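The values are calculated or read from the model by the stated rules, or taken from the named source; none is laboratory data. It should be emphasised that the depicted structure is a prediction, and the values quoted were computed from it without experimental measurement. Here the Cβ positions follow ideal geometry from the backbone for every residue, glycine too, while neighbour counts run over all protein chains shown.
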Amino acid sequence: MAHACLHRLPRHKHMTDFPTLTWPEADGPHSARWRSEAAVPPAKRVVIADDRTTADAAYRLACEGTALLWRGDFQNARQLLQAMTRRLERKPRKQAASPLDAFNLHRQAQSQRARTLGMLLVPLEGDYTIPLRRAPDVRQACEEVYGPPTQESSIVSLRELLGLIGAHEWRKKGVEIPALQERIHPHYGVFSPVRGEYVDLVARTPLPSLEKAFDIGVGTGVLSAVLAKRGVKRIVATDQDPRALACAKENLTRLGYDRQVEIVAADLFPEGRSPLVVCNPPWVPARPASPIENAVYDYENRMLLGFLNGLADHLEPDGEGWLILSDFAEHLGMRTRDWLLVAIDNARLTVAGREDIKPRHPKATDTTDPLHTARVAEVTSLWRLKAK
């Protein structure tokens, strides 16, 4: 049988090094390594499911917090996941009293969706093959995220696995960046430059100097690449996420900008000063629900305030700090414009100018989006800041 390769793990000391998932079999409980990039704990209740399992039964169990370890055909598991998704989408949406309420309800619904759909599990062998009929070859996608195979069988949610496959395809194909006339290839967990407005702002704002720039929170390396293409001779790019550092290095090397750009592991600023310091922090000051959301949410405005409060000490005389920020959070009622202006002033900075751009992404015109009111009003700005 296809599942026979997932052995009962012996109780070695290394069992405590990672979470394990335990499920019942005819000969007693079996366990395997549990993988979750979203840091979701393993389910306490697990049942075996296969091609005979109905979507209604699967959905009911998942809503109750019981995980289903799949033993049937892989493509049938994908169809079951789609059927469970349709059942989730039938639930009526709560009416929001305000944009902030809409945002909180939206995140609550996303979290419930992730929890419910994350209950359908599939096995992975030690070499990242899936021991199921009609399963695709996901070895490269898994290796890009989980690292080299450890020869240990594991269990992963099908939804996460499909996310890994999707990220692998994005990474192969890349994202077209008109300002570069090139593609940027995002890695799993690194914020993808699919929204190009902020890139265009960096591409068109007059540069204070061509000598040097700091790129704080390099991500995929897209802004460093734009600055390099514009002729900035030396760029020091920082990030503290190992995935972002690897991703930026790969992109900048492929584009031929690795001699101009030095990539440094640092929390915000590198040492020294620069005539230009660029930062595009996450735009929404909400608490990330998982490690992967750190690219999207800046809890308590920590990165934004860290950048503002350290900027004056890292600018050369008459240098400029470019803060790229959307006012989306302002339209949601999570931050005010006055709060931002006070934070800039408290950091011994002054606003020398501002470039604005309206979003062009599909969600901006999607009237069914629960956050449509905030999205339609959104403006992304590049704030040109100078030390007082």
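Before moving on, here are some points about what is shown:
- Long-range neighbours under 7 Å by Cβ, at least six apart or interchain, first residue over 23 Å from R384 (Cα atoms) within the range 352-366, second hydrophobic (A, V, I, L, M, F, W, C) and surrounded by 13 or more Cβ atoms within 10 Å (Cβ to Cβ): A364/V376
- Restricting the range 193-217 to residues that are at pLDDT 95 or above and in a loop (DSSP other than H, G, I, E, B), the residue that is surrounded by the fewest Cβ atoms within 10 Å (Cβ to Cβ) is P206.
- Only one of E89, E64, E37 that is within 18 Å of E125 (Cα to Cα), surrounded by fewer than 20 Cβ atoms within 10 Å (Cβ to Cβ) and in the same structural domain as Q112 (by TED's automatic domain parsing): E37
- Residues being within 30 Å of A43 (Cβ to Cβ) and at pLDDT 95 or above - total across the range 170-185: 1
- Filter result for V232 (more than 16 Å from I177 (Cβ to Cβ), in contact with a Phe, Trp or Tyr (Cβ under 6 Å, 6 or more places away or on another chain) and of a type in the set (V, I, T)): no
- The range 97-109 residues that are closer than 16 Å to H331 by Cβ, paired with ones that are assigned to a helix (DSSP H, G or I) and modelled with pLDDT of 90 or more (beta carbon under 9 Å, 6 or more apart): S98/L332; P99/H331; P99/L332; L100/L332; A102/L332; F103/L332
- Single unsatisfied condition, K172 versus (1) touching a residue at least 24 places away in the same chain (Cβ under 8 Å); (2) part of a helix (DSSP H, G or I): (1)
- Cβ pairs under 7 Å, 6+ apart, first in the range 61-86 and over 14 Å from A49 (Cβ atoms), second surrounded by fewer than 22 Cβ atoms within 10 Å (Cβ to Cβ): C63/T116; G65/R45; Q75/R134; T85/L117
- Against the test of being modelled with pLDDT under 95, over 20 Å from V199 (Cβ atoms) and not polar (S, T, N, Q), the options D366, D313 yield a single qualifying residue, D366.
- Flag for T220 being in a loop (DSSP other than H, G, I, E, B) and either among the acidic types (D, E) or in contact with a helix residue (DSSP H, G or I) (Cβ under 7 Å, 6 or more places away or on another chain) (or both): yes
- For the range 331-351, the set of residues classified as closer than 14 Å to V284 by Cα, free of Cβ contacts under 8 Å to residues at least 40 places away in the same chain and in contact with a Phe, Trp or Tyr (Cβ under 9 Å, 6 or more places away or on another chain) consists of L340 only.
- Any hit, the range 278-295, residues being under 30 Å from A228 (Cβ atoms), buried (at least 19 other Cβ atoms within 10 Å of the Cβ) and over 20 Å from the mean Cα position of the chain (by Cα): yes
- Across the range 346-380, the number of residues qualifying as among the small types (G, A, S) and out of contact with any strand residue (DSSP E or B) (no Cβ under 8 Å at 6 or more places or on another chain) comes to 4.
- In this structure, V190 does not qualify as surrounded by 18 or more Cβ atoms within 10 Å (Cβ to Cβ), without any contact (Cβ under 8 Å) to a residue 40 or more places away in the chain and among the β-branched types (V, I, T).
- So G231, is it surrounded by fewer than 20 Cβ atoms within 10 Å (Cβ to Cβ), assigned to a helix (DSSP H, G or I) and not aromatic (F, W, Y): no
- The set of residues in the range 270-323 that are among the basic types (K, R) and either touching a strand residue (DSSP E or B) at 6+ places or on another chain (Cβ under 8 Å) or outside the structural domain of T205 (by TED's automatic domain parsing) (or both) comprises R273, R287.
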